[in-house]
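Every number in this text was worked out from the coordinates using simple rules, so none of it is lab data. All values derive from a computational prediction rather than experimental measurement. Cβ placement follows ideal geometry from the backbone for every residue including glycine, while neighbour counts extend to all protein chains displayed.
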Amino acid sequence: MDRAEQAVQNKHSGMNCAQAVLTAFADRLSLPAETLRGLGAGFGIGMGTFGATCGALCAAQMVCGLTAERFGPAQARELYQQFAAQCGSTLCGELKGIGTDTVLCSCDDCVRCAARLAAAQTGD
């Protein structure tokens, strides 16, 4: 199973989107899953649970920052832009159609996209 599908499976086991992506990379991050779940706890339902930046995207940025050989502002911007292009937005509220009733990207697909982008960035 690739990391993207592992992340989706993690989400279905009760984790939020950030926790799901972080724990899919647990072996690369050299941190216990328990620590990664704690790290991602405040990023579900958009950062701070306010429908802000997608937690899966935040987690992908964290994974890359900790594991990619070269990951700075330019690479972070590229990852952000790729996520926006593939998912339709970077804001959880917009992605889920809050206020518009138009879902741009499902949670599963946001998690899948974020994990794939992180894997590509880290050479995984």
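Based on other C-beta atoms within 10 Å, arrange I98, I45 from fewest to most. Can you show the working numbers first?
Details: I98 15, I45 20.
If I rank by nearby Cβ atoms, fewest first, I get I98, I45.
For region 102-124, the residues whose amide N sits under 16 Å from a probe point set 7 Å from the Cα of E69 along the beta carbon direction are 119-124. I want the local charge near L29. Using Cβ-Cβ distances under 13 Å, sum +1 for each Lys or Arg and -1 for each Asp or Glu among the other residues. Net local charge, L29 excluded: 0. For the pair L104 and R77, label points projected 7 Å from Cα toward Cβ lie 2.0 nm apart.
With contacts taken as Cα pairs under 8 Å and at least 6 residues apart, the chain reaches a relative contact order of 28 percent.
Can you tell me the convex hull volume per residue for region 1-73, based on C-alpha atoms, in Å³ to the nearest whole number?
About 84 Å³ per residue, rounded to a whole number.
Measuring spread by the Cα atoms of the chain yields a radius of gyration and Dmax of 13.0, 40 Å.
With n ≥ 4 as the cut-off for DSSP H runs, can you work out [θ] at 222 nm for the chain, using -39500 (n - 2.57) per run divided by the number of residues, rounded to the nearest 500?
On the way: 8 runs with 77 residues, N = 124.
The per-residue figure over the chain is -18000 deg cm²/dmol.
Taking a sphere under 14 Å around the Cβ of I45 and counting the other residues whose Cβ falls inside, with K and R at +1 and D and E at -1, yields a net charge of +1.
Here the Gaussian network model covers the chain, with springs between Cα atoms less than 10 Å apart; of D27, D101, D109, D101 fluctuates the most. When the chain is described by a simple charge dipole with +1 on each Lys and Arg Cβ and -1 on each Asp and Glu Cβ, the residue from N16, V63, A115 located farthest towards its positive end is V63.
Amide H contacts of T53 (H built 1.01 Å from N, in plane; Pro and chain starts excluded): M47, C92 sit under 5 Å, all sequence-distant by 5 or more or on other chains.
Compute the signed sum of charges (Lys and Arg +1, Asp and Glu -1) over the other residues within less than 13 Å, Cβ to Cβ, of Q6. Before the final figure, lay out the partial values.
Numbers: positive: R3, K11, R28, R112, R116; negative: D2, E5, D27, D108, D124.
Charge balance near Q6 sits at 0.
Listed by Cβ neighbour count within 10 Å, with the fewest neighbours leading, M47, M1 appear as M1, M47. With neighbour counts taken as other beta-carbon atoms within 10 Å, the residues V103, V21, V8 rank, fewest first, as V103, V8, V21.
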